[in-house]
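J.: Here it is, the structure, as structure tokens.
The values are calculated or read from the model by the stated rules, or taken from the named source; none is laboratory data. None of the values given here were measured: they were computed from a predicted structure. No Cβ is skipped: glycine too gets one built from the backbone with ideal geometry, and neighbour counts run over all protein chains shown.
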Amino acid sequence: MPDALASAFQTDGLIWLVLVVFIAGLVRGFAGFGSAMIIMPVASSVLSPVEAVIFLVAAELIGPLPNLPAALRDGTPRDIGLMMIGATFALPFGLWGLSVINPQIFGWSISILVLLLLCLLVAGWRYQGPLGPRLVTATGALGGFMTGFAGLPGPPVIMLYMASTLPVSVIRANFLLYLVVLDLMLVPLLWMTNLMVWKIALLGLLVGIPNLVANMIGARLFDPKAEVLFRRVAYIVIAASAIVGLPLWRG
């Protein structure tokens, strides 16, 4: 363990990883989502793709924990369960799709679609229908597919809830619960596929401590009555996600 700890602290770009994880924790604590969009560009610049995913998952395992009781109180755990059923079913198809479809084309398509939907949201469009079991499960399935295909679990769920008329406290809680459960699913998946790099996982857990502090600060900044501010922050994060996800930056 001491050797693994020393090796973890020798990771290149450690100071930037700590800084970006703290900033991501502030956003996650406030909005309930968005941390992966902040962490991944920096993590992928100093770590391999697999290591970046491992670092992200490990860093976010403990960060949201202080906010879970409030999320369970304000959110709709039944919907989260339905989404995870869909995600579990569709995740293998996403991995298969990654092997047969051009990721460049998919990357452009997803980013453009997210930006178009964001324009509708900013313009005031809302989904007025009921969030029934089929719709919620299908949204989770699309998120699971995108997790396997492009490492992007959030956009389908984010777009569904941001387009709804639900209170922002419920929206934020469901974001947080969905992403926590998905992280818990990814840990055994990485282990079973022999992709786990324990040194990076340990580093992520250690960096998760400032992430936890930042999540607590971000949660204190959240005001359920400030819906306009919440939606503006969410829109900025969504737009940043779409822009960062463009294959343009990967050549």
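J.: In segment 10-41, how many are polar (S, T, N, Q) and assigned to a helix (DSSP H, G or I)?
T.: Matching residues across segment 10-41 total 1.
J.: Can you report the number of residues in segment 42-67 which are part of a helix (DSSP H, G or I), in contact (Cβ under 8 Å) with a residue 12 or more places away in the chain and surrounded by 15 or more Cβ atoms within 10 Å (Cβ to Cβ)?
T.: 13
J.: Can I ask one more? With respect to Y178, determine if the residue is under 21 Å from F22 (Cα atoms), at pLDDT below 80 and of a type in the set (F, W, Y).
T.: no
J.: Can you work out which of the residues in segment 68-79 that are surrounded by fewer than 23 Cβ atoms within 10 Å (Cβ to Cβ) and assigned to a helix (DSSP H, G or I) is nearest to the chain's Cα centre (by Cα)?
T.: L68
J.: Can you name the residue in segment 183-230 that is surrounded by fewer than 16 Cβ atoms within 10 Å (Cβ to Cβ) and of a type in the set (D, E, K, R) and is also nearest to G13 (Cα to Cα) among such residues?
T.: Checking each candidate, the answer is R220.
J.: Something else about it: Could you check, for segment 235-251, whether at least one of its residues is modelled with pLDDT under 85, part of a helix (DSSP H, G or I) and over 24 Å from A52 (Cα atoms)?
T.: yes
J.: Taking V187, is it at pLDDT 90 or above and of a type outside the set (D, E)?
T.: Taking the combined requirement at face value, the residue does not satisfy it.
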